[in-house]
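Read the structure below first, then the notes.
The values are calculated or read from the model by the stated rules, or taken from the named source; none is laboratory data. All values derive from a computational prediction rather than experimental measurement. Using ideal geometry, Cβ is built from the backbone for each residue, glycine included, and neighbour counts are taken over all protein chains shown. The area values use the complete protein model at the heavy-atom level, side chains included, leaving out ligands, DNA and RNA. Shrake-Rupley method; radii C 1.70, N 1.55, O 1.52, S 1.80 Å.
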Amino acid sequence: MRETVLTLRRLLNLENVTYHGEFINVENIELDIIHGRLEPRNIPIMIGATGEKMIELAGEIADGIVT
């Protein structure tokens, strides 16, 4: 989950992303914006967390949780 949120945040900042982690492996990807604003997005990332460890992780990396 940590790798997913890290990668997503970088994409929403309109960065070109290369990331090789344990679960996420992407090479030179970016959002393809055809219509709309061409500036970084400030979109809250919410994690659906129910277990204690996931709630703790969500508190570190997300903007909120959905239980």
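Worth pointing out:
- For segment 44-54, the tally of residues that are touching a residue at least 12 places away in the same chain (Cβ under 8 Å) and loosely packed, with under 14 Cβ neighbours inside 10 Å stands at 4.
- Yes/no for N28 being open to solvent by 80 Å² or more (accessible area, probe 1.4 Å) and without any contact (Cβ under 8 Å) to a residue 24 or more places away in the chain: yes
- The sole residue among R41, R10, R37, R2 that is of a type in the set (K, R) and open to solvent by less than 60 Å² (accessible area, probe 1.4 Å) is R41.
- Applying the condition of being assigned to a helix (DSSP H, G or I) and out of contact with any strand residue (DSSP E or B) (no Cβ under 8 Å at 6 or more places or on another chain) to segment 25-56 and asking which residue is farthest from M1 (Cα to Cα) yields E52.
- Subset of segment 13-24 (residues that are open to solvent by less than 100 Å² (accessible area, probe 1.4 Å) and either farther than 19 Å from E60 by Cβ or assigned to a loop (DSSP other than H, G, I, E, B) (or both)): N13, L14, E15, N16, V17, T18, G21, I24
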